[in-house]
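> Quick one: this structure, given as structure tokens, is what I'll be asking you about.
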Amino acid sequence: MQSTAAVSISASAIASGGGGARSDAARRPAGLRVCGALACSSLRISRAPARRAVARAAAAASANGAAAASGGFDYDLVIIGAGVGGHGAALHAVEQGLKTAIIEGDVVGGTCVNRGCVPSKALLAVSGRMRELHDEHHMKSLGLQVSSTGYDRQAVADHANNLASKIRSNLTNSMKALGVDILTGVGTIVGKQKVRYGKAGFPDKEITARNIIIATGSVPFVPKGIEIDGKTVFTSDHALKLESVPDWIAIVGSGYIGLEFSDVYTALGSEVTFVEALDQLMPGFDPEIAKLAQRVLINPRKIDYHTGVFASKVDAALIATGRAPFTKGLGLENINVVTQRGFVPVDERMQVMDADGNVVPNLYCIGDANGKLMLAHAASAQGISVVEQISGKDHILNHLSIPAACFTHPEISMVGLTEPQAREKADKEGFEVDVVKTSFKANTKALAENEGDGIAKMIYRPDTGEILGVHILGLHAADLIHEASNAIALGTRVQDIKFAVHAHPTLSEVLDELFKAAKVNSGVSHSVNEPVAA
């Protein structure tokens with residue numbers, strides 16, 4: 001059993017960036033509770049050539065508003081929630097010719113854009129620059145001299161806020177350009193294919209839709225007994241505003257959120273104490289990767305930690321214990337749907353299930369609200385999958401092919417199963433598992449950057465060549481993981497992908513060497529195309 005201890009963390013150590021020295025050991029947390037995590041992909045808005053984009057947008061907008069939705073409904077599709085998942089579903093729906101509306105009670109972009117992965121990446125960009133400039137040995141090895149470094153806290157905070165505003169505007173404009181109706185208010189399901197929405201001080205409106213998608217996302221999870229005041233005890237929502245940089249800060253939880261904020265705070269001069277309820281740091285990561293990450297990201301920095309303890313009282317800390325679904329007030333009781341720990345129950349096609357275990361026709365739930373995989377890009381992929389289904393094309397998303405990343409310096413990324421998960425699956429199903437690894441220290445581009453810390457690890461089946469999981473810690477790991485995730489999504493086997501050509505010298509050769517190191521049993525066929533003479 002884990003021990004439980006009351007914890008009191010001094011608020012004075014966290015109150016301001018220019019305050020006193022670090023709190024002594026007696027004032028540090030003796031126990032708290034942790035959880036896993038959220039990781040959001042950075043959002044990329046691509047732009048096609050101007051004429052083509054304008055023509056396509058005009059055509060889609062015309063199609064979306066040209067006529068009433070089929071079957072006498074107001075819309076073919078109504079989406080409740082305009083985060084990354086709802087946005088992705090809306091754009092794909094218009095592309096499929098569906099008359100679409102999206103309801104948003106707060107601001108377009110949801111958690112990811114406004115209080116999550118987008119502003120956090122802005123802070124992490126600053127922490128990466130600061131960390132590099134402060135590393136005198138690293139700079140000297142490149143022949144560079146830096147006399148002094150510093151930062152303007154408010155300017156850093158403004159950078160994060162401005163980025164969020166820009167991406168929010170991009171998302172809003174993209175939906176407007178395609179003719180998606182953006183309806184402001186809180187959406188509630190009042191019956192079969194009926195939604196009511198409205199905001200305080202205004203009369204509610206009711207609309208009908210052939211199909212409805214719930215995409216209401218999540219909020220920070222706060223363990224019972226912890227009171228959030230937004231100043232001395234706060235969540236990632238508050239931390240992203242960077243209203244202060246304390247001399248010392250306790251972070252409750254060592255998952256993606258806590259790890260990224262430790263990177264930011266230590267780069268800006270803070271000392272950090274992690275408090276983790278489980279018996280190891282970074283419990284959601286592959287154990288071998290977590291062990292190496294601790295050696296690279298924790299031990300050399302001004303970070304100490306307590307594991308296997310539970311916080312029952314907190315006076316000053318960043319609470320980074322994961323996310324909780326935001327599903328209250330949706331009117332699910334009106335259609336006999338009961339949430340499970342707050343999550344909306346769904347099947348493999350994201351169709352909502354009622355209290356009797358039956359599919360609720362024409363109702364879907366995507367993203368953090370269903371709890372299948374709490375990542376922004378997973379929500380978007382689920383939304384696109386749902387639109388494919390309601391357009392008459394059956395589609396089931398392979399969640400094991402969806403990558404995740406932690407944007408520390410260096411980065412961590414993963415897709416598929418961890419080694420313990422793969423071995424457990426192998427034991428149950430009766431197949432063998434092999435593991436291969438490559439090091440960034442053998443990669444020319446990494447050595448040119450003097451960034452040789454890191455490994456890539458692949459778990460696979462030697463009898464078939466199936467890739468079960470890939471885990472990377474190292475320079476630009478978040479970008480490198482997609483070759484592996486796409487291979488899993490497309491069913492590409494090791495014996496096929498090892499013939500792919502990678503530019504030299506690039507970091508992609510880390511994965512090239514990884515694939516080539518895998519040994520598939522003799523006699524296993526591959527499907528590489530015959531070369532074509534040029």
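The values are calculated or read from the model by the stated rules, or taken from the named source; none is laboratory data. The model shown is predicted, which means the values in this text are computed figures rather than measured ones. Virtual Cβ from ideal backbone geometry, glycine too; neighbours counted across all protein chains shown. Just so you know, the surface numbers come from the protein's heavy atoms only, side chains and all, with ligands and any DNA or RNA stripped out. Shrake-Rupley method; radii C 1.70, N 1.55, O 1.52, S 1.80 Å.
> For L133, work out the one condition from (1) out of contact with any strand residue (DSSP E or B) (no Cβ under 7 Å at 6 or more places or on another chain); (2) open to solvent by less than 20 Å² (accessible area, probe 1.4 Å); (3) not β-branched (V, I, T) it doesn't fulfil.
Just one mismatch for L133, condition (2).
> Okay, moving on. So in the range 87-125, with the set limited to residues that are open to solvent by 30 Å² or more (accessible area, probe 1.4 Å) and of a type in the set (A, V, I, L, M, F, W, C), which one is nearest to A155 (Cα to Cα)?
A125
> May I ask you to list the residues in the range 208-230 that are out of contact with any helix residue (DSSP H, G or I) (no Cβ under 7 Å at 6 or more places or on another chain), open to solvent by 20 Å² or more (accessible area, probe 1.4 Å) and in a strand (DSSP E or B)?
If the condition is that a residue be out of contact with any helix residue (DSSP H, G or I) (no Cβ under 7 Å at 6 or more places or on another chain), open to solvent by 20 Å² or more (accessible area, probe 1.4 Å) and in a strand (DSSP E or B), then T208, V219 are the ones that fit.
> Now for a different question. So which strands (runs of 3 or more DSSP E) stay within the range 231-349 end to end and still have 1 or more residues that are open to solvent by 40 Å² or more (accessible area, probe 1.4 Å), more than 20 Å from G474 (Cβ to Cβ) and among the aromatic types (F, W, Y)?
303-307, 309-311
> May I pose another question? Tell me, which helices (runs of 4 or more DSSP H) wholly within the range 87-164 include 3 or more residues that are over 20 Å from the mean Cα position of the chain (by Cα)?
Per the criteria, 117-134, 136-141.
> Just to be sure I understand, how many residues within the range 391-410 are within 16 Å of M374 (Cα to Cα) and open to solvent by 70 Å² or more (accessible area, probe 1.4 Å)?
1
> Further question on the same structure: Please verify whether L171 is of a type outside the set (D, E, K, R) and either open to solvent by less than 20 Å² (accessible area, probe 1.4 Å) or in contact with a Leu (Cβ under 9 Å, 6 or more places away or on another chain) (or both), treating the condition exactly as stated.
yes
> Does V78 satisfy the condition of being in contact with a helix residue (DSSP H, G or I) (Cβ under 6 Å, 6 or more places away or on another chain) and open to solvent by less than 10 Å² (accessible area, probe 1.4 Å)?
no
> Here's another thing I want to ask about it. Output the number of residues of the range 343-366 satisfying the condition of being more than 22 Å from the chain's Cα centre (by Cα) and of a type in the set (D, E, K, R).
Total meeting the criteria: 2.
> Here's another thing I want to ask about it. Where the second residue is assigned to a loop (DSSP other than H, G, I, E, B) and at pLDDT 95 or above and the first is among the basic types (K, R) and lies in the range 475-494, which pairs have Cβ atoms under 6 Å and are six or more apart or on separate chains?
Close Cβ pairs satisfying both conditions: R493/G465.
> I need the full set of residues from the range 265-283 which are of a type outside the set (D, E, K, R), closer than 28 Å to R129 by Cβ and over 17 Å from the mean Cα position of the chain (by Cα), in order please.
The answer is Y265, T266, A267, L268, G269, S270, V272, T273, F274, L281.
> I would also like to ask the following. Enumerate the pairs (first residue in the range 295-321 and on the phi > 0 side of the Ramachandran plot; second residue anywhere and open to solvent by 60 Å² or more (accessible area, probe 1.4 Å)) with beta-carbon separation below 8 Å, excluding pairs fewer than 6 apart on the same chain, so at least 6 apart or on different chains.
Listed by first residue and then by second, the contacts come to G308/Q2; G308/S3; G308/L278; G308/D279.
> Of these, F431, F440, which one is touching a residue at least 12 places away in the same chain (Cβ under 8 Å) and within 25 Å of the chain's Cα centre (by Cα)?
Every option except F440 fails the conditions.
> Keeping to the range 462-506, report how many residues are over 17 Å from A446 (Cβ atoms), small (G, A, S) and open to solvent by less than 20 Å² (accessible area, probe 1.4 Å).
So the answer is 5.
> Continuing with the same structure: Which of the residues belonging to the range 350-382 are among the acidic types (D, E) and surrounded by fewer than 24 Cβ atoms within 10 Å (Cβ to Cβ)?
Scanning the range 350-382 gives D354, D356.
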